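Read the structure below first, then the notes.
The values are calculated or read from the model by the stated rules, or taken from the named source; none is laboratory data. None of these values were measured; they are calculated from a predicted model. Glycine also receives a Cβ, built like all others from the backbone with ideal geometry; neighbour counts cover every protein chain displayed. These area figures cover heavy atoms from the full protein model, side chains too; ligands, DNA and RNA do not enter into them. Shrake-Rupley method; radii C 1.70, N 1.55, O 1.52, S 1.80 Å.
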Amino acid sequence: IRYVLIGGVAMAFHDAPRFTRDIDLLADARDFCAVKDLLEGSGYFESAKPWRFKDTNLELHRFMKTRGEEMMIVDLLLAEDEKYLRIIEDGLDETSESGNVRVATKAALIELKRARNSDQDQTDIRKLQNGQD
């Protein structure tokens, strides 16, 4: 599966951690069925209709898993454009407590956050640019 970890969790790999309630993945759209099967096999279900981010070709699929009162969300963004496929290709192989993971580069995280451009994204960009990597 061609993917990279993005969003708040990915920031931790660049020494700019922040609390987040979900895991964000950017995946090659051609691998959607494989990712969906993997998530559903782990107890996740697609919890909302897919939607596209404004001014991008990225389609978001939200998956959720509940255990008692705990909830975990995985936001899966599907890449079709060369620009986003390059972010996946340029991903870094990292090791975490849970195993190996592909993580978007710092420059790619900044690029994605500029495209979305929320207040939180602006804060994240400042953290990433202040050399906390």
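What stretch of the chain, leaving out the sites themselves, is the longest with no GluC sites (Glu not before Pro) in a DSSP loop having at most 14 other Cβ atoms within 10 Å?
Value returned for the longest uninterrupted segment is 1-68.
Using every pair of alpha-carbon atoms in region 1-40, split the distances into 10 Å bins beginning at 0 and state the percent of pairs per bin, rounded to integers.
29, 44, 25, 2
Based on the Cβ-Cβ distance from residue 57 to residue 97, what FRET efficiency comes out when R0 is 41 Å, to the nearest 0.05?
It comes out at approximately 0.75.
Treating only the Cβ atoms of Lys and Arg (+1) and Asp and Glu (-1) as charged, compute the dipole magnitude of the chain about its Cα centre; round to the nearest 20 debye.
340 debye
Please list, ordered by chain and number, the residues whose modelled amide H lies under 5 Å from the amide H of residue 53; skip anything fewer than 5 residues away on the same chain.
Distant-sequence amide H within range of residue 53: 58, 60.
Per-residue ellipticity at 222 nm for the chain, helices alone: DSSP H runs ≥ 4 residues times -39500 (n - 2.57), over residue total, nearest 500 deg cm²/dmol?
-10000 deg cm²/dmol
Loop-only trypsin sites (Lys or Arg not before Pro) in region 1-71, please: DSSP not H, G, I, E or B, and at most 12 other Cβ atoms within 10 Å.
21, 54
With the chain treated as a Gaussian network of Cα nodes joined by springs under 10 Å, which of 117, 100, 57 yields the largest mean-square fluctuation?
Per the Cα network of the chain with a 10 Å cutoff, 100 tops the list.
What is the Cα coordinate range of the chain on the first, second and third principal axes, sorted by size from largest, in whole angstrom?
Extents along the principal axes, in whole Å: 39, 33, 28.
Over the Cα atoms of region 14-81, what radius of gyration and what Dmax do you get, in Å?
12.9, 39
I'd like to check one number: the per residue accessible area of the chain, probe 1.4 Å, reported in Å² as a whole number.
It amounts to 60 Å² per residue over the chain.
As a test of reading the structure, rank 84, 44, 3 by solvent-accessible area (1.4 Å probe, protein chains only), most first.
3, 44, 84
Over the Cα atoms, compute the radius of gyration (one decimal) and Dmax (the largest Cα-Cα distance, rounded to a whole number) for region 77-123, in Å.
Reported Rg and Dmax, both Å: 12.1, 32.
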